[in-house]
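Right, one structure below, let's go through it.
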Amino acid sequence: MSSSASTVTYATPAHGDVHRPMPGARNNEWLGMVLFLLSEAIIFGAIFAQYFYVRTQQPTWPPFGAERVPAAPLALGLTVILGLSGFTAHWAQTAARRDDQESLRAWLAVTIALGVVFLVGQGVEYSSLLAGQGLFGEAGRAPLGINSGIYGSVFFTLTGLHGLHVTGGVIALSVVLGRALMNHFTPSNHFAVEGTILYWHFVDVVWFVLYLAVYLM
C-alpha cells in the first residue's frame with residue numbers, strides 16, 4: 001500500500017513587496033490621521049470660541065489695565081518662520097514621493113530647525129512679557145502672565161497650547177528624520193512622512209488663525 005505526500009507551495013513575495021502595506025492599510029492610516037486632526041480642531045475650536053465669547057463680555061479689549069501683546073516684530077517674525085516651515089515640509093513630502101532621499105533628509109532637517117527657532121522665539125516672548133520688558137529689554141509695560149486677569153489667561157492658554165503642539169510636531173519630525181536616515185521610506189511606503197507633515201500644516205494653520213485673532217484683532 002503506497003501513499004504519496006502532498007506538497008503545499010507558499011508564494012514568496014518579491015523583494016520589492018516586502019514592505020508594501022496590506023490592501024486597505026493605507027486607507028485606515030489616513031482615516032486615523034483625519035480623525036486625530038479633527039479631534040485637535042475641535043479642541044482648538046472650543047478654546048477659540050471661549051476666547052471670542054470672553055471678548056464680547058468686555059467693554060474694551062484688552063480689558064482696562066492690560067496692555068496688548070505686540071503683533072510685531074517678534075510675533076510677526078514667528079509667523080514668517082512657521083510659514084516658511086510649511087514650505088520646507090512640503091518640499092520634504094515631495095522629495096519622499098519621488099524617492100529623493102537626500103532632499104527628504106535635508107528639508108526635514110530645515111523644517112525641524114525652523115520649528116526649534118519658533119519655540120525659542122516664543123520663549124523669548126514669554127520671558128519678556130513676564131518681566132514687563134520689551135523685546136530689547138526696555139522697561140515700561142506691566143508684567144503679563146497667565147494669572148494677569150482674563151487677557152493673560154486666554155493669551156497664554158492659546159499660545160501655550162499651540163506651542164505644545166509645535167513641540168510635538170518637532171519631535172515627530174525628528175523621528176521621521178531618523179527613519180529617513182535609515183532609508184525606511186520608499187515612494188510607495190512613506191505614510192509617516194505624509195501624516196507628520198499633514199499634522200505640521202495643521203499646526204501652521206492654527207497659528208495663522210491665532211495670530212489674526214489674538215495679536216491683530
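The values are calculated or read from the model by the stated rules, or taken from the named source; none is laboratory data. It should be emphasised that the depicted structure is a prediction, and the values quoted were computed from it without experimental measurement. When the accessible area is computed, the model is the full protein with side chains, heavy atoms only, and any ligands, DNA or RNA have been set aside. Shrake-Rupley method; radii C 1.70, N 1.55, O 1.52, S 1.80 Å.
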Can you list, largest first and rounded to whole Å, the semi-axes you get for segment 51-191 by taking the square root of 5 times each eigenvalue of its Cα gyration tensor?
-> 38, 15, 12
With 5 Å bins from zero, work out the P(r) of segment 24-69 over every alpha carbon pair and list the percent per bin.
-> 5, 18, 14, 14, 11, 9, 9, 7, 6, 5, 2, 0
Heavy-atom accessible area of Thr56, protein chains in place, probe 1.4 angstrom, given in Å² to nearest 10, is 100
Find the eigenvalues of the gyration tensor of the Cα atoms of segment 145-191, then list the square roots of 5 times those eigenvalues as equivalent ellipsoid semi-axes, largest first, in whole angstrom.
-> 38, 9, 4
Geometric extent, Cα atoms of segment 84-130 - Rg, Dmax (angstrom) = 14.0, 47
Accessible-area value, Trp91, 1.4 Å probe, nucleic acids and ligands omitted, Å² = 110
